[in-house]
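The values are calculated or read from the model by the stated rules, or taken from the named source; none is laboratory data. Computed from a predicted model, the values in this text were never measured in an experiment. Cβ atoms come from the backbone with ideal geometry, glycine included; neighbour counts cover every protein chain shown. Only protein heavy atoms, including side chains, enter the accessible area calculation; ligands, DNA and RNA are left aside. Shrake-Rupley method; radii C 1.70, N 1.55, O 1.52, S 1.80 Å.
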Amino acid sequence: MSQHDTTDQPVPPEAVLFQAEAPASAAYREAWTATGAPRDHWQPLLQTFSGRGEELLAQRQEKVDRMRHEDGATFNPFDDADAQEMAWALDMLPLPITAREWATLEAGVLQRARLLEMVLADVHGPQQLVHQGLLPPEMLFANPAFFHACHGIQPTAYRFLPYYAVDLYRAADGSFRVIRDYGSCPAGLGYALENRIVISRVFASLYHETRVQRLAPFFHNLHQGFTMRAGLRREDPTIVILSPGPDHLLYFEHALLSRYLGYPLVESQDLTVRNGRVYLKKLADLEPVESIFRHIPDEESDPFTLRRETINGVAGLIQAAREGNIDLANPIGSRFIDTPALPLFLSGISRHLSGKELLLDHHPAWWCGSAEGYRQVEGRREELELIPAFARGERRAEQVAPLPSAPYAWLGREPLSPSTVPAWEAGRIVNRPVMLRLFACAVDGGFTVLPGGLAITATTAEELLSGHPERQYSKDIWVLADRPVEPFSLMEGLESVTEFRRSSDLPSRVADHLLWLGRYLERAEGLIRLLRALYRRLGSETQSRNLPELPFLFALLQARNPLAGKEMDPVLPSFADWDEQLHSTLYRREKPESVVALLQRVQDAARHVRDRLSMDSWQVLNRLGHFSDSSGGDALEHLDDTLFILSAFSGLAMESMTRGFGWRFLDMGRRMERAMNQTDLLQISLQQVCGAGRNGLEALLEVADSSMTYRARYRTTFQLAPVLDLLVVDESNPKSLAFQLNQLAGHIEQLPQQSDRRFSSPEERLALEMLTAVRLLNLSGLNCGVAIVEHLELPVFLEKMKANLLDFAQHVTAHYLSRVPTTPHFSMILAEGEHVLPDHP
């Protein structure tokens, strides 16, 4: 262990960093005994952190925050697509649990998972628990979490609860009690993984010396469970993670699990049900899906059978499950175990089914639907919290109708008094209430529990139950082993690979977002280069009236970003005019073609394909968010920094992405946008560039990012014909129009064809037509004299090229991609004047 992580000496008396005040109540203290002595399993942590001091700890917390930000660990508050994403709050101080305590917790969670799975099997089958009086009829027939449409469905391998989570807290006597169970979309597993990744890096030496149990074996078991159940239908099953999409509260978790487990991350529009089978809609064909790791609520899973107004579900999914053609984790209807009143009946059910008492008690509560429960709650109305019996939500007694109106719909619950734990907050150590979220998954013959999980803290006990993550903090749970921990990896040996694979298909939705990611990237880069050329001249020591290229550059800017409601001098704008125009083009979010708006579109498109981007690529794009916070600084510096970030991503995409369909659509987007931008640039340039002479041609080359190539070839001679040759016809110049068309033609040839046909598709014909036209273009004799007025071939060529590029984009969309008005990029198509074609036959 390094000298920075711990010492061999006990905590010195003068180390008062952790000597926080005693809690106001008699709550159990995780780190300290009743006499104030540190607990044995906490001593290594206390020694390590006390030895560092507040300043060094603050630096470590900053590192934790920075790593979390670079990984993009965020959540979208309240499922609001327009709200600013908030960072996932991670406290650097972990919560250690001894091997002995963990054995008790693990046994209790395993018992509870098995019992709840039997309850689900019964309520969706014979319903003997109701007939025998172990569950009141209201628990089923007045419970919105019980779906009649799911009754009688037998899931694959008869596993009604493949994935389970439970919230617990430690009571004053040191015992653990259950607060609530999760069967429908248990959340937090991905954040627990992220916490472990970050904390184990920041405190690597301490982590390894402390013998913390690894998380990877649990994910291996989770994967094995999926492949076993899905493999009952096909030897090489397709397993997908179904997410509501990037606007969901916990999308980061869905993307992280997708990347870690290697399952495609899909949305509802990617799936379809045909003849009772679920298929993934890909570019080339429909691919059968055998298993779905579901992260959308039960009630939104199938709009045909359940909630028709939802846009997240897959129509026909329940029928596919009824026919036994799909494995769902968890099966639709598993939300029943989330019912707040259900834990009150589990003790009796456990005794009846297994003859054993529950190892984990539930938090004290009483159901008002029973006579005894009603009397208890009515007699203690001022002490107890009154909450819904069948739905999540916190409601105080004074906020609800009188009990006699519908007593069965309410629970009376004692206030929560959880244990406290040291937490880092605002540069100091404080005591905070804590609860634990633990996870279990089905394995052959039973369940296994994740040796760790999420420890959640908040300022008050009430906020632990509030369901508002922006008011909570998380900790990594360290389950300590009593023997050395062996390394473990999810990767298996090559003997399990049946055949080599060189390429993979992808959903059309993913291709759509990658295409537009490329277009937005190129659109932003082109605007930034133009703005940079303007700022360099306006910030030079040369006066504006001595810069003949300025009107030309402003004409380019006005063509792309007109200043609404204001006429500008066509020759040379005033200082106030150009200052307002440039600032607006940089920082006004409501202006759709401003830099900050385009960068936001880049990030939005990237969020939709987050699972397809490497961590390096995501961390690069994540830095674009700083641009909106930079409006008070030096604009030219901001443009240079942003262009550097965009170039870094382009380099990663070129050097790191495999040349599959994903890369092709990303690059096609860039090539289409660059070709369109170059065409617009040249159309405006032909009208004004010659008026600025050499300066105008030099500015044109700078905006087109071709100055170095031109100077290497022609030294200091600036003439129109060689400039246009470089920007239009030269296929060796990666910025030329010909280069873009050549790349587009190559990409189209490699895309999948939906049928064997003798003739080329419309997009193939257009690509060949445009490439041939640019190769046949004659620029000889073109100069800034009278010849440019008489040379009509180039303006006609550019106008025709612009129309063909728009047609090409339409045909690619119609042939390969799904386009509906709800698609995020639909408004951009309408803004460009593109029209939506029907699906390609």
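Of all residues in the range 177-205, those satisfying the criterion of being buried (at least 21 other Cβ atoms within 10 Å of the Cβ) and either in contact with a Gly (Cβ under 8 Å, 6 or more places away or on another chain) or of a type in the set (Lys, Arg) (or both) are GLY188, ALA192, ARG196.
Taking the criterion of being surrounded by 12 or more Cβ atoms within 10 Å (Cβ to Cβ) and in a helix (DSSP H, G or I), the residues of the range 23-48 that qualify are HIS41, TRP42, GLN43, PRO44, LEU45, LEU46, GLN47, THR48.
In the set (1) modelled with pLDDT under 90; (2) surrounded by 13 or more Cβ atoms within 10 Å (Cβ to Cβ); (3) of a type in the set (Lys, Arg), ARG502 fails one condition alone, (2). Taken together, LEU135, LEU110, LEU168 contain a single residue that is farther than 23 Å from ALA329 by Cβ and modelled with pLDDT of 90 or more, which is LEU135. Checking each residue in the range 303-333 for being in contact with a strand residue (DSSP E or B) (Cβ under 6 Å, 6 or more places away or on another chain) and assigned to a loop (DSSP other than H, G, I, E, B) picks out VAL314, GLY316, ASN325, ILE326, ASN330. Residues that are crowded, with 16+ Cβ neighbours inside 10 Å and over 45 Å from the mean Cα position of the chain (by Cα) within the range 694-712 comprise just one, ASN695. Scanning the range 453-470 for residues that are among the aliphatic types (A, V, I, L, M) and part of a strand (DSSP E or B) yields LEU454, ALA455, ILE456, ALA458. Considering only the range 805-824, state which residues are open to solvent by 20 Å² or more (accessible area, probe 1.4 Å), among the hydrophobic types (A, V, I, L, M, F, W, C) and modelled with pLDDT under 90. Across the range 805-824, the qualifying residue is only VAL820. Looking only at residues of the range 362-388 that are open to solvent by 20 Å² or more (accessible area, probe 1.4 Å) and within 36 Å of the chain's Cα centre (by Cα), we find that the one that is modelled with the highest pLDDT is HIS362. Among the residues of the range 229-245, is there at least one that is at pLDDT below 95 and under 22 Å from LEU115 (Cβ atoms)? Yes, the range 229-245 has at least one match.
Any residue in the range 564-582 that is modelled with pLDDT of 85 or more, assigned to a helix (DSSP H, G or I), out of contact with any Cys (no Cβ under 7 Å at 6 or more places or on another chain) and not charged (D, E, K, R)? Checked the range 564-582: no residue is modelled with pLDDT of 85 or more, assigned to a helix (DSSP H, G or I), out of contact with any Cys (no Cβ under 7 Å at 6 or more places or on another chain) and not charged (D, E, K, R). With respect to the conditions (1) over 26 Å from the mean Cα position of the chain (by Cα); (2) modelled with pLDDT under 85, LEU624 lacks only one, and its number is (1). Outside any helix (DSSP H, G or I) and either open to solvent by less than 50 Å² (accessible area, probe 1.4 Å) or in contact (Cβ under 8 Å) with a residue 24 or more places away in the chain (or both): is that true of GLY51 in this structure? No; evaluated as a whole, the condition is false for this residue. Taking the listed residues ASP302, ASP361, the one that is among the acidic types (Asp, Glu) and over 27 Å from LEU271 (Cα atoms) is ASP361, with no other qualifying. Scanning the range 410-452 for residues being open to solvent by 30 Å² or more (accessible area, probe 1.4 Å) and outside any strand (DSSP E or B) gives a total of 7. Among the residues making up the range 234-287, those that are among the polar types (S, T, N, Q) and either open to solvent by less than 50 Å² (accessible area, probe 1.4 Å) or at positive phi (or both) are THR238, SER243, SER258, SER268, THR272, ASN275. LEU56 passes every criterion in (1) over 20 Å from LEU249 (Cα atoms); (2) exposed (fewer than 14 other Cβ atoms within 10 Å of the Cβ); (3) at pLDDT below 85 apart from (3).
For every residue, the table says whether it meets (1) touching a Leu at 6+ places or on another chain (Cβ under 8 Å); (2) aromatic (Phe, Trp, Tyr); (3) within 16 Å of ASN561 (Cβ to Cβ).
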position: TYR587; (1), (2), (3): no, yes, yes
position: VAL596; (1), (2), (3): yes, no, yes
position: GLN603; (1), (2), (3): yes, no, no
position: VAL609; (1), (2), (3): yes, no, no
position: VAL620; (1), (2), (3): yes, no, no
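Among the residues of the range 122-132, are any closer than 23 Å to PRO331 by Cα, free of Cβ contacts under 8 Å to residues at least 12 places away in the same chain and not in a helix (DSSP H, G or I)? The answer is yes, given that some residue of the range 122-132 is closer than 23 Å to PRO331 by Cα, free of Cβ contacts under 8 Å to residues at least 12 places away in the same chain and not in a helix (DSSP H, G or I).
Considering every residue within the range 644-657, establish whether at least one is farther than 22 Å from ASN677 by Cα, at pLDDT 85 or above and in contact with a Lys or Arg (Cβ under 7 Å, 6 or more places away or on another chain). Within the range 644-657, none of the residues are farther than 22 Å from ASN677 by Cα, at pLDDT 85 or above and in contact with a Lys or Arg (Cβ under 7 Å, 6 or more places away or on another chain). Scanning the range 136-175 for residues that are surrounded by fewer than 23 Cβ atoms within 10 Å (Cβ to Cβ), over 34 Å from the mean Cα position of the chain (by Cα) and in contact (Cβ under 8 Å) with a residue 12 or more places away in the chain returns PRO136, GLU138, LEU140, ALA142, GLY152, ALA171, ALA172, ASP173, GLY174, SER175.
The lone criterion from (1) assigned to a loop (DSSP other than H, G, I, E, B); (2) at positive phi left unmet by ALA157 is number (1). Contact annotation: residue pairs with Cβ atoms under 6 Å, 6 or more positions apart or on different chains, pairing a residue in the range 625-646 that is assigned to a helix (DSSP H, G or I) with a partner that is basic (Lys, Arg) and at pLDDT below 85, are ILE645/ARG623.
Restricted to the range 713-742, and to residues there that are under 23 Å from LEU643 (Cα atoms) and of a type outside the set (Ser, Thr, Tyr), the residue that is most open to solvent (accessible area, probe 1.4 Å) is PRO734.
Looking only at the range 303-321, count how many residues are closer than 15 Å to CYS185 by Cβ and touching a residue at least 12 places away in the same chain (Cβ under 8 Å). Selection size over the range 303-321: 5.
Only a single item in (1) touching a helix residue (DSSP H, G or I) at 6+ places or on another chain (Cβ under 6 Å); (2) in a helix (DSSP H, G or I); (3) among the small types (Gly, Ala, Ser); (4) modelled with pLDDT under 90 is not met by SER205, and it is number (1). Scanning the range 6-50 for residues that are modelled with pLDDT of 85 or more, in contact with a helix residue (DSSP H, G or I) (Cβ under 8 Å, 6 or more places away or on another chain) and among the small types (Gly, Ala, Ser) gives a single hit, ALA31.
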